[in-house]
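Asks: Structure provided below as structure tokens; questions to follow.
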Amino acid sequence: MVCKWVNKGLVVRLYPDEDMICKINQNIGNARFTWNHLLAEYQKTYILFKQHGYTRLKCNMTTFNAMLTMLKKEHDFLYLSESSSLQQVFRNLINAYKKFFNKNAGYPRFKSKHPKQSFRIQNINNNIRLQDNMLVLPKIGPVYYRTSKEYKRLLNSSNIKINNVTIKKSNGKYYAVFSIETTVTYLEKTLNVVGIDLGLKSLATLSNGLKITNLELTYEEKMIKKCQKRLSRKKYGSKRYQKLQRTYWKWQNKKNNKIRDAYHKLSRYITQKYDIICMENLSIKDMLQDTNQSVKLHRIGLASLVEKIKYKSNWYGKNFIQINRWFPSSKNCNNCGYYNKNLKLEEREWTCPKCKKHHDRDINAAKNILHEGFRIHMENLMNLRDWGDSTVILEAIASTAREVRILNIHM
Ligand SMILES: [Zn+2]
């Protein structure tokens with residue numbers, strides 16, 4: 001049995017009383033205040049730099065630390081926050097700018113009083129403690145929490161290390177997200193390989209022909225739309241508005257939970273069943289450019305699915321291979337390699353003019369992804385001269401070769 005230390009995030013629901021809610025909101029507010037203030041300061045400098053022809057501006061911790069000390073002197077209420085939670089703010093800000101400069105994200109934005117807010121406390125010298133059913137936070141105090149027996153056992157076991165905890169307020173509910181270090185056991189090898197095509201029509205298509213349909217969310221979406229419509233007619237902040245807002249959040253939560261649950265189950269299934277998993281690379285840059293809002297949200301959802309499969313493969317000792325997004329997965333015939341450049345997006349099925357094979361668009365794409373992923377995987381193995389797991393790989397090649405006739409193309 002191979003064990004591995006990994007980072008895990010555990011989410012537990014918090015049940016703060018009035019007094020606690022007040023303190024948590026103060027902390028959230030302080031984090032937002034610090035973010036907005038630092039962003040404004042930095043933005044001034046950035047604009048000045050830009051005028052002189054620079055495209056990047058170095059952000060560093062020391063500058064921000066000094067800025068924070070000054071900010072605290074000006075605004076007393078910042079002392080109500082645990083200092084690591086404010087330091088976290090500029091760590092986030094530095095990351096946001098890094099992403100922006102590397103063109104992985106848009107320009108950092110000012111935070112508003114959005115329903116989703118959070119702050120993070122680092123666990124230094126065990127200042128975050130768990131006592132019975134209480135989570136004890138520095139400067140805030142004990143908050144009642146509830147979670148599954150499994151999570152409770154894990155959180156209280158001596159075998160883990162709590163790195164930090166994020167207190168999150170989302171759609172009217174409070175949560176604590178623990179970032180912990182713990183061990184996981186590798187899953188058994190199955191010698192199966194798979195290529196997965198993600199799409200809008202069906203959620204995922206596996207190279208063996210299995211299609212996983214999209215989630216049925218029409219009812220939840222209908223209710224969300226209905227609430228939005230009614231909310232727009234009510235006076236903002238009124239009693240009736242707040243009541244309706246709670247209903248709106250309830251449906252929003254239901255929808256999100258359904259998606260998350262399904263993605264966790266699917267990613268677990270895939271990592272359990274397959275040793276080598278090949279998938280397309282979904283780029284965030286492309287997603288930001290999508291103009292159709294529902295398509296954009298769907299793609300962001302898919303990215304979270306890919307992320308789940310990726311980290312689970314890593315945890316459980318499986319190989320995860322990402323294919324370049326420019327790889328023409330749907331236009332190549334997987335049987336003879338013919339490139340069908342006239343294939344249109346709405347054509348779900350087509351027949352190869354060269355070898356006359358009839359294809360389902362998604363299954364063909366999944367098979368091509370598998371071939372390409374396999375090629376990349378072999379290439380990596382050759383380069384690294386790492387033959388540690390070569391028997392598994394070779395047996396897997398032999399078994400797939402029989403199935404999808406991979407050998408005559410790449411070996
Ligand atoms: Zn063909």
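The values are calculated or read from the model by the stated rules, or taken from the named source; none is laboratory data. Just so we're clear, the structure is a prediction, and the values are computed from it rather than from any experiment. Neighbour counts are summed over all protein chains in view; Cβ atoms, including those assigned to glycine, are modelled from backbone coordinates with ideal geometry.
Asks: I'm told G317 meets every condition in (1) closer than 20 Å to K211 by Cα; (2) crowded, with 16+ Cβ neighbours inside 10 Å; (3) away from the ligand (no atom under 11 Å from the Cβ) except one. Can you identify the failing condition by its number?
Replies: Of (1) closer than 20 Å to K211 by Cα; (2) crowded, with 16+ Cβ neighbours inside 10 Å; (3) away from the ligand (no atom under 11 Å from the Cβ), only one is false for G317: (1).
Asks: Right, here's the next one. Do we find that G209 is touching a residue at least 12 places away in the same chain (Cβ under 8 Å) and surrounded by fewer than 12 Cβ atoms within 10 Å (Cβ to Cβ) in this structure?
Replies: Here the answer is yes, as G209 does meet what is asked.
Asks: Which residue is farthest from the ligand (Cβ to nearest atom), if the candidates are limited to segment 331-374 and must be small (G, A, S) and farther than 18 Å from K201 by Cβ?
Replies: Selected residue: G373.
Asks: Scan segment 231-280 residue by residue and report those that are acidic (D, E) and within 16 Å of the chain's Cα centre (by Cα).
Replies: D261, E280
Asks: Determine the pairs where a residue that is in a strand (DSSP E or B), located within segment 161-176, has a partner that is surrounded by fewer than 16 Cβ atoms within 10 Å (Cβ to Cβ) and of a type in the set (K, R) with Cβ atoms under 6 Å apart, the partner being 6 or more residues away or on another chain.
Replies: From segment 161-176, the pairs are S170/K116; Y175/R13.
Asks: Let me ask something additional. Only one of F90, F77 is in contact with a Ser or Thr (Cβ under 8 Å, 6 or more places away or on another chain), in contact (Cβ under 8 Å) with a residue 24 or more places away in the chain and assigned by TED's automatic domain parsing to the domain that holds E41; which?
Replies: None of the others qualify; the one that does is F90.
Asks: Give the residues of segment 297-316 that are of a type in the set (D, E, K, R) and either assigned to a loop (DSSP other than H, G, I, E, B) or touching a His at 6+ places or on another chain (Cβ under 7 Å) (or both), sorted by residue number.
Replies: K308
Asks: Oh, and also: Suppose the filter is of a type in the set (K, R), in contact with a strand residue (DSSP E or B) (Cβ under 6 Å, 6 or more places away or on another chain) and either within 28 Å of N25 (Cβ to Cβ) or not in a helix (DSSP H, G or I) (or both); does R230 pass it?
Replies: Judged against the criteria, R230 is not a match.
Asks: Restricting to segment 51-64, and then to whatever is without any contact (Cβ under 8 Å) to a residue 24 or more places away in the chain and loosely packed, with under 12 Cβ neighbours inside 10 Å, can you tell me which residue is nearest to Y97 (Cα to Cα)?
Replies: Top of the filtered list is K58.
Asks: If K201 passes every condition in (1) in contact with a Ser or Thr (Cβ under 8 Å, 6 or more places away or on another chain); (2) in contact (Cβ under 8 Å) with a residue 60 or more places away in the chain; (3) assigned to a loop (DSSP other than H, G, I, E, B) but one, which one does it miss?
Replies: Tallying (1) in contact with a Ser or Thr (Cβ under 8 Å, 6 or more places away or on another chain); (2) in contact (Cβ under 8 Å) with a residue 60 or more places away in the chain; (3) assigned to a loop (DSSP other than H, G, I, E, B), K201 fails exactly one: (1).
Asks: Condition (residue is closer than 21 Å to N104 by Cβ, free of Cβ contacts under 8 Å to residues at least 40 places away in the same chain and not acidic (D, E)) applied to segment 337-359: is it met by at least one residue?
Replies: Scanning segment 337-359 turns up no residue that is closer than 21 Å to N104 by Cβ, free of Cβ contacts under 8 Å to residues at least 40 places away in the same chain and not acidic (D, E).
Asks: Under the condition of being at pLDDT 85 or above and not in a loop (DSSP other than H, G, I, E, B), which residue from segment 101-130 is farthest from L154 (Cα to Cα)?
Replies: The selected residue is Q117.
Asks: Please work out which residue is surrounded by the most Cβ atoms within 10 Å (Cβ to Cβ), limiting yourself to segment 320-329 and to residues that are of a type in the set (A, V, I, L, M, F, W, C), farther than 28 Å from M1 by Cβ and in contact with a helix residue (DSSP H, G or I) (Cβ under 9 Å, 6 or more places away or on another chain).
Replies: In this case the residue turns out to be I323.
Asks: Is it the case that W326 is away from the ligand (no atom under 16 Å from the Cβ) and in contact (Cβ under 8 Å) with a residue 24 or more places away in the chain?
Replies: no
Asks: Given the condition buried (at least 16 other Cβ atoms within 10 Å of the Cβ), basic (K, R) and closer than 30 Å to E181 by Cβ, answer yes or no: does some residue in segment 15-28 qualify?
Replies: Looking for residues that are buried (at least 16 other Cβ atoms within 10 Å of the Cβ), basic (K, R) and closer than 30 Å to E181 by Cβ, one finds at least one in segment 15-28, hence yes.
Asks: Now, a different point. Which of (1) closer than 19 Å to N192 by Cα; (2) part of a helix (DSSP H, G or I); (3) touching a strand residue (DSSP E or B) at 6+ places or on another chain (Cβ under 7 Å); (4) not aliphatic (A, V, I, L, M) is the odd one out, the single condition D362 does not satisfy?
Replies: With (1) closer than 19 Å to N192 by Cα; (2) part of a helix (DSSP H, G or I); (3) touching a strand residue (DSSP E or B) at 6+ places or on another chain (Cβ under 7 Å); (4) not aliphatic (A, V, I, L, M) applied to D362, the lone miss is (1).
Asks: Within segment 222-237, is even one residue touching a residue at least 60 places away in the same chain (Cβ under 8 Å), within 24 Å of L305 (Cα to Cα), in the same structural domain as M279 (by TED's automatic domain parsing) and among the hydrophobic types (A, V, I, L, M, F, W, C)?
Replies: Checked segment 222-237: no residue is touching a residue at least 60 places away in the same chain (Cβ under 8 Å), within 24 Å of L305 (Cα to Cα), in the same structural domain as M279 (by TED's automatic domain parsing) and among the hydrophobic types (A, V, I, L, M, F, W, C).
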